[in-house]
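Just so you know, all these numbers are worked out from the coordinates, no wet-lab data involved. Not measured: the values here are computed from a predicted model. Virtual Cβ from ideal backbone geometry, glycine too; neighbours counted across all protein chains shown.
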Amino acid sequence: MGKRMRTVAGLTTAGLAAVIGLQAQPAQAAVEVPASGLTIFEGTFAAVLLHVAEPDGACLTMPPTAASLTGERIVAQVSVFTGPGCTGLQQNLGTFRTFTAGKYQSFRAYSF
């Protein structure tokens, strides 16, 4: 068997192993997202940590493991802060975003 044939055979075997490995993974349960309000998740929309049904601009503590959020229907903007009590650097994330867990300590959400 030539060098080229061994390389192709090796890549084919590796590709098959990857496909079999992907198929062996258990399916992740779907996360129920409320139809309205702000929902903050652990990971990339993996598990609900906090739901604010009617955001009013009040300063709230960001869960330390939060890494994504979605604002449904009535949410206009989510502003996050690097410090507690809505202090420190501010960033407007919009209504559908992922971010590094622990990066933000507090937030304000606004509705229409």
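Using a 7 Å offset from Cα along Cα-Cβ at A101, what residues in region 49-70 end up with backbone N under 14 Å from the label point? Within reach of a label on A101, which here means backbone N under 14 Å from a point 7 Å along Cα→Cβ, region 49-70 contributes 49-50, 63-69.
Can you bin region 37-111 into rounded, prolate or oblate? Criterion: square roots of the alpha carbon gyration tensor eigenvalues sorted a ≥ b ≥ c, rounded for a/c under 1.5, prolate for a/b above b/c, oblate for the rest.
Working: a/c = 1.57, a/b = 1.05, b/c = 1.50.
In terms of gyration-tensor shape, oblate.
Which whole-number percent is the relative contact order of region 37-111 (Cα, under 8 Å, 6+ apart)? Display every interim value, and only then the final one.
Numbers: 205 pairs, mean separation 27.2, N = 75.
Over region 37-111, the number comes to 36 percent.
Other residues with beta-carbon under 9 Å from the beta-carbon of S36 carry, at +1 per Lys or Arg and -1 per Asp or Glu, a net charge of -1.
Near the amide H of F96, within less than 5 Å, lie the amide hydrogens of G71, all on another chain or at least 5 residues away, with H placed in the peptide plane.
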